[in-house]
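Participant: Structure below; questions to follow.
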Amino acid sequence: MGWFSDDIETFEHLFVHSLQDIYYAERQIEKSLPDMIDKASDAELKRGFQMHLRQTKMQIKRLEQAFKKIQRTPQGTKCPAIDGILEEAQDIAGDVGDKVVLNAALIAAAQAVEHYEITRYGTLTSWAKLLGHADVAKLLYANLKEEKATDKKLNDIAKRKINKKALARKPKGLTPAERLEEAMIGIPPLG
Ligand SMILES: [Fe+2]
Ligand SMILES: [Fe+2]
């Protein structure tokens, strides 16, 4: 859908478009979580991500039920917002060398995802109610509650231990070869 297309005319169309947007987002999140599970080196954080992957699969099922209730085929629509959030998460995870600091980075990235989902499900739940889809609103609200609980858990673990551990990490000492390499930088070539 482009800026100047008129695919969305009514509030109901807008609702369906947003439902497709979160459906796409959840499926991208489902694909990204296994990588975050692999990268997390804290057992509690790893378990948390594993649990959220199971919840995400259930959330996708709820969305499919929601589509069914409004007589639509479950279908996604490309969501550049979640693509950007997930891409940035991958980039930062690739850049963090220390695995303890990486845990803090993973939580921050996961919370960005949760906040995106919370805003979407908040909007969708109230729109579903307004449009008279009370049963769909219930399904969306179930997802919203899980996202909020996940965000809270991530916040708790970050504050309780992960950020403190990350703060306590010292920069890695350079090996003699790396020191030599550093010393060579800036020396003009001979000749
Ligand atoms: Fe989700
Ligand atoms: Fe989530």
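Participant: Taking only pairs six or more apart or across chains, which ones have beta-carbon atoms under 7 Å, a first residue in the stretch 106-120 that is closer than 13 Å to ILE92 by Cα, and a second residue that is assigned to a helix (DSSP H, G or I) and near ligand 2 (Cβ under 10 Å from one of its atoms)?
Facilitator: Within 7 Å, the pairs are ILE107/LEU154; ALA110/LEU154.
Participant: May I ask you to verify whether LEU53 is within 14 Å of ligand 2 (Cβ to nearest atom), part of a helix (DSSP H, G or I), closer than 17 Å to ARG120 by Cα and modelled with pLDDT of 95 or more?
Facilitator: Working: within 14 Å of ligand 2 (Cβ to nearest atom): yes; part of a helix (DSSP H, G or I): yes; closer than 17 Å to ARG120 by Cα: no; modelled with pLDDT of 95 or more: yes.
Answer is no for this residue.
Participant: Continuing with this model, one more query. Got a number for residues in the stretch 120-145 being surrounded by fewer than 16 Cβ atoms within 10 Å (Cβ to Cβ) and within 12 Å of ligand 2 (Cβ to nearest atom)?
Facilitator: Of the residues in that region, 1 qualify.
Participant: With ASP42, ASP38 as the choices, which residue is closer than 30 Å to LYS170 by Cβ, at pLDDT 95 or above and loosely packed, with under 12 Cβ neighbours inside 10 Å? Full working, then the answer.
Facilitator: Working: ASP42 fails: loosely packed, with under 12 Cβ neighbours inside 10 Å.
Result of the check over ASP42, ASP38: ASP38.
Participant: Considering only residues of the stretch 61-114 that are more than 16 Å from the chain's Cα centre (by Cα) and among the acidic types (Asp, Glu), which is farthest from PHE49 (Cα to Cα)?
Facilitator: Here the answer is GLU64.
Participant: Would you be able to say whether some residue in the stretch 87-98 is within 16 Å of ligand 1 (Cβ to nearest atom) and of a type outside the set (Ser, Thr, Tyr)?
Facilitator: At the first step, the residues of the stretch 87-98 found to be within 16 Å of ligand 1 (Cβ to nearest atom) are 89.
From the residues that got through so far, the ones that are of a type outside the set (Ser, Thr, Tyr) too are 89.
Within the stretch 87-98, one or more residues are within 16 Å of ligand 1 (Cβ to nearest atom) and of a type outside the set (Ser, Thr, Tyr).
Participant: Could we say that GLN90 is within 15 Å of ligand 2 (Cβ to nearest atom), closer than 16 Å to GLN28 by Cα and assigned to a helix (DSSP H, G or I) here? Quick ask: steps written out before the conclusion?
Facilitator: Values: within 15 Å of ligand 2 (Cβ to nearest atom): no; closer than 16 Å to GLN28 by Cα: yes; assigned to a helix (DSSP H, G or I): yes.
So GLN90 does not fit the description; no.
Let's see how each residue does on (1) crowded, with 16+ Cβ neighbours inside 10 Å; (2) within 15 Å of ligand 2 (Cβ to nearest atom); (3) in a helix (DSSP H, G or I); (4) not polar (S, T, N, Q):
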| site | (1), (2), (3), (4) |
| --- | --- |
| PHE49 | yes, yes, yes, yes |
| MET58 | no, yes, yes, yes |
| ALA81 | no, yes, yes, yes |
| GLY84 | no, no, yes, yes |
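Participant: Taking LYS148 as meeting all but one of (1) of a type outside the set (Phe, Trp, Tyr); (2) farther than 30 Å from GLU12 by Cβ; (3) within 11 Å of ligand 2 (Cβ to nearest atom), write down the number of the exception.
Facilitator: So LYS148 meets the others, but not (2).
Participant: Residues being closer than 21 Å to LEU102 by Cα and either without any contact (Cβ under 8 Å) to a residue 24 or more places away in the chain or of a type in the set (Lys, Arg) (or both): count how many of those fall in the stretch 18-71.
Facilitator: Result for the stretch 18-71: 12.
Participant: For residues that are more than 18 Å from the chain's Cα centre (by Cα) and within 12 Å of ligand 2 (Cβ to nearest atom), tally how many sit in the stretch 151-163.
Facilitator: Within the stretch 151-163, the first condition is being more than 18 Å from the chain's Cα centre (by Cα), and the residues that meet it are 159-163.
Okay, now just the ones that are also within 12 Å of ligand 2 (Cβ to nearest atom), so none.
Matching residues across the stretch 151-163 total 0.
Participant: Got a number for residues in the stretch 103-119 being within 15 Å of ALA40 (Cα to Cα) and either surrounded by 21 or more Cβ atoms within 10 Å (Cβ to Cβ) or within 15 Å of ligand 2 (Cβ to nearest atom) (or both)? Can you show your working first?
Facilitator: From the stretch 103-119, those within 15 Å of ALA40 (Cα to Cα) are 103-111; that's our starting set.
Imposing the further condition that a residue be either surrounded by 21 or more Cβ atoms within 10 Å (Cβ to Cβ) or within 15 Å of ligand 2 (Cβ to nearest atom) (or both) reduces the set to 103-104, 106-111.
Residues meeting the conditions: 8.
Participant: Would you pick out the residues in the stretch 65-79 that are assigned to a helix (DSSP H, G or I) and touching a Phe, Trp or Tyr at 6+ places or on another chain (Cβ under 8 Å)?
Facilitator: Within the stretch 65-79, the subset assigned to a helix (DSSP H, G or I) is 65-69.
Answer for the stretch 65-79, where residues must be assigned to a helix (DSSP H, G or I) and touching a Phe, Trp or Tyr at 6+ places or on another chain (Cβ under 8 Å): just PHE67.
The values are calculated or read from the model by the stated rules, or taken from the named source; none is laboratory data. Computed from a prediction, not measured in an experiment: that's the story for all the values here. As a convention, Cβ positions derive from the backbone with ideal geometry for all residues, glycine included, and neighbour counts pool all protein chains shown.
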